[in-house]
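No value in this document is a laboratory result; all are computed from the given coordinates. Just so it is clear, the structure is predicted and the values come from calculations on it, not from any experiment.
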């Protein structure tokens with residue numbers, strides 16, 4: 001199970017930080033409380049692991065039980081929920097232990113914004129897209145997961161119908 005955080009380009013910076021923080025805290029609390037809820041069904045095998053998804057992939061998160069841990073890859077010129085704008089690995093130089101939701105959110109914020117800008121072609125704050133991240137939870141961190149995935153999605157939650165890559169929107 002991974003935690004997700006959303007940063008919205010359509011609201012002021014302070015509101016964005018508050019919304020992202022609330023989202024991350026809620027999702028982490030859900031993950032900690034229901035960590036053993038995975039049912040092991042074939043649905044949990046659908047898609048590609050977020051640890052393996054490639055930059056530029058278009059698609060949608062595949063939910064396994066309550067948690068998002070995989071990405072169903074689709075076609076960028078057809079309807080899709082989001083695109084992988086970037087990814088990076090946190091190292092022990094970043095954090096020797098799981099830093100907690102707030103600290104992890106702050107660490108990924110600047111990195112994902114830079115990857116967003118390179119992917120979309122304009123700064124995050126000027127874009128009509130949202131930035132959502134998928135990060136390690138406390139449970140996956142303990143298993144060695146350090147992957148952060150930066151995702152672009154529509155600001156209103158509508159499906160994307162064309163590639164966001166270099167769209168300058």
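Expressed in units of 2.2 N^0.38 Å, where N is the residue count, the Cα radius of gyration of region 70-111 is 1.59.
Taking a quarter of the surface of the Cα convex hull of region 120-161, what do you get in nm²?
4.1
Note on region 73-95 and region 98-169: Cα centroid distance 7 Å, given to the nearest whole angstrom.
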